[in-house]
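Inspection log for the structure reproduced underneath, given as structure tokens.
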Amino acid sequence: MAERFTKSMARNIYLGGSAFFILLFLALTFDTQLRAMPERDNRDQITEQVIHGKHIWETNNCVGCHSLMGEGAYFAPELANVFNRRGASDTEVFKAYMKAWMNAMPTNIPGRRQMPDFNLSDEDIEALSAFLEWTSKIDDNNWPPNIEG
């Protein structure tokens, strides 16, 4: 190596390193989007009911209290695995659980956090159940680490 480090050498190291890391970033992005994501998500299982459930989730700001796959507030439980926790991998059992839970809110127990009554119809609760069941089947690297969220 030369005895003297010049501006030209520094510029070449900067430009070469930048180009390398930009290309690496693009390669990893394309690999994730084209190979890894289709293997991990379950986009082929999206139905009209799942779409309606996501709409219910968004319009009622559920993420304002709950988190879903680690995103959202931590005031209420994580719901990415609620189907696995409460549905025992049976869709009908989970729908019945969700109807009972949603219709029992708020519990009016003093000193406890309360979930508001959103006055959802049975159809809306079934759609929300379908959305939460769909999210539970996404390969999220076993998130959350605690089964109870």
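The values are calculated or read from the model by the stated rules, or taken from the named source; none is laboratory data. All figures in this text were calculated on a predicted structure; none of them were measured in a lab. For neighbour counting, all protein chains shown are included, and Cβ atoms are generated from backbone atoms with ideal geometry for every residue, glycine included. Side chains included, ligands, DNA and RNA excluded: accessible areas come from the protein's heavy atoms. Shrake-Rupley method; radii C 1.70, N 1.55, O 1.52, S 1.80 Å.
Descriptive notes on the structure:
- Exactly one residue among 76, 80, 96 is of a type in the set (A, V, I, L, M), free of Cβ contacts under 8 Å to residues at least 60 places away in the same chain and in a loop (DSSP other than H, G, I, E, B), and that residue is 76.
- Selected residue [under 18 Å from residue 148 (Cα atoms) and not in a loop (DSSP other than H, G, I, E, B)] from 128, 132: 132
- Pick from the range 38-68, criterion among the aliphatic types (A, V, I, L, M) and open to solvent by 70 Å² or more (accessible area, probe 1.4 Å), ranking: modelled with the highest pLDDT: 51
- Within the range 99-119, considering residues that are assigned to a helix (DSSP H, G or I) and hydrophobic (A, V, I, L, M, F, W, C), the one surrounded by the most Cβ atoms within 10 Å (Cβ to Cβ): 102
- Listed conditions (1) at positive phi; (2) open to solvent by 60 Å² or more (accessible area, probe 1.4 Å) are all met by residue 122, apart from (1).
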